[in-house]
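Asker: Here it is, the structure, as structure tokens.
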Amino acid sequence: MTEPSRQTVGQDAPVFRFAPSPNGRLHLGHALSALLNADMAEKTGGRLLLRIEDIDLTRCTPELEQAVFDDLAWLGIPFEKPVRRQSEHFPLYREALDRLQAMGLVYPAFLTRGEVKARVSEYEREGGIWPRDSDGAPLYPTEERMLSDAERAEKLATAERYAWRLDIGKALAAAGHPLSWRETGDGAQGEISADPAAWGDVVLWRSDAPASYHLAVTVDDAAQGVTNVVRGLDLFHATSVHRLLQALLGLPQPVYHHHRLVLGLDDRKLSKSLGDTALSALRAEGKTPSDIRAMVGV
């Protein structure tokens, strides 16, 4: 696959990254994020990295990865090589999980999504209010935290699928102090108080997948020396989880800039799965990179 050449910049320059998943065509929302990263890197004399987040080996394909390169080349966005692919770093994510496991901060969880959904539905039918995260998803039940070593070993020996989840209570105690991050984006700015507990016991690893987004992105940003994370406002609240993992693993803290989202005519977030305003389609219609900049307002 064709990749742009390396830029020559100072070693102490700010480091930005654009990190798409090649599980669909890039759309206008991705263009906004990529262009902002490129513009901010240029303005600060920084470096721009490309990371291919291809943990989902079923949906991510070489053809869609090449489409990412094609779209970025068309937009005129330069980035350094070599490109980092998450699929080439599974052992690094496992090492991070092993460290958290050695600290006693993770546990195997066996309930399926269907089982959790059924439990939440029954609880709410009886008038209860089940806690939910910032995305509206119900928090995972916590009783599996209390399983004995023998019970866990028995379940692990027979379970077809399971996940490793972060015990949020133990994790916050291990962090030992309130967490926050520096925000320069389109929403709240300044020092933002992190609230990892709002996400409950998040998944870090599944038996049928190498790592979760939360774990992989946190490890990757540190491994690549990223100093400035520029991404959409839909990930603003997830930063709380990333700050907690950074604290637990002793990783550096980037500056965060969460930018506005590009919405469709029905005011919903654009989706690759629905083919919303794909850059390849707009290019085929005769749109130019300048047109794309005008459409996303940069």
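Asker: Among (1) surrounded by fewer than 17 Cβ atoms within 10 Å (Cβ to Cβ); (2) more than 26 Å from Ile55 (Cα to Cα); (3) at pLDDT below 95, there is one condition Lys269 misses while meeting the rest; what is its number?
Answerer: (2)
Asker: Which residue pairs have Cβ atoms closer than 8 Å, lie 6 or more positions apart in sequence or on different chains, and pair a first residue in segment 33-49 that is surrounded by fewer than 22 Cβ atoms within 10 Å (Cβ to Cβ) with a second residue that is hydroxyl-bearing (Ser, Thr, Tyr)?
Answerer: Gly46/Thr227
Asker: Please work out which residue is farthest from Asp149 (Cα to Cα), limiting yourself to segment 97-124 and to residues that are free of Cβ contacts under 8 Å to residues at least 60 places away in the same chain and not in a helix (DSSP H, G or I).
Answerer: Among those that are free of Cβ contacts under 8 Å to residues at least 60 places away in the same chain and not in a helix (DSSP H, G or I), it is Thr112.
Asker: Quick one: which residue in Gly232, Gly250, Gly190, Gly200 is at pLDDT 95 or above and within 16 Å of the chain's Cα centre (by Cα)? Outline the logic, then answer.
Answerer: Details: Gly250 fails: within 16 Å of the chain's Cα centre (by Cα); Gly190 fails: within 16 Å of the chain's Cα centre (by Cα); Gly200 fails: within 16 Å of the chain's Cα centre (by Cα).
On inspection, the qualifying residue turns out to be Gly232.
Asker: Also: Can you tell me which residue among Glu144, Glu154 is buried (at least 18 other Cβ atoms within 10 Å of the Cβ) and not aliphatic (A, V, I, L, M)?
Answerer: It is Glu144.
Asker: Among the numbered criteria (1) closer than 30 Å to Val255 by Cβ; (2) surrounded by fewer than 19 Cβ atoms within 10 Å (Cβ to Cβ), which one does Tyr123 miss?
Answerer: With respect to (1) closer than 30 Å to Val255 by Cβ; (2) surrounded by fewer than 19 Cβ atoms within 10 Å (Cβ to Cβ), Tyr123 is out only on (1).
Asker: Here is a further query. Go through segment 78-111 and give me each residue that's among the acidic types (Asp, Glu) and more than 19 Å from Ala216 (Cβ to Cβ).
Answerer: Within segment 78-111, just Glu80 meets the criteria.
The rows are residues; the columns are (1) assigned by TED's automatic domain parsing to the domain that holds Arg243; (2) of a type in the set (D, E, K, R); (3) touching a strand residue (DSSP E or B) at 6+ places or on another chain (Cβ under 7 Å).
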{"position": "Pro138", "(1), (2), (3)": "yes, no, yes"}
{"position": "Glu144", "(1), (2), (3)": "yes, yes, yes"}
{"position": "Arg152", "(1), (2), (3)": "yes, yes, yes"}
{"position": "Leu179", "(1), (2), (3)": "yes, no, no"}
{"position": "Asp186", "(1), (2), (3)": "yes, yes, yes"}
{"position": "Ala194", "(1), (2), (3)": "yes, no, yes"}
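The values are calculated or read from the model by the stated rules, or taken from the named source; none is laboratory data. On a predicted model such as this, the values are computed, not experimentally measured, just so you know. We place every Cβ from the backbone using ideal geometry, glycine too, and count neighbours over all the protein chains shown.
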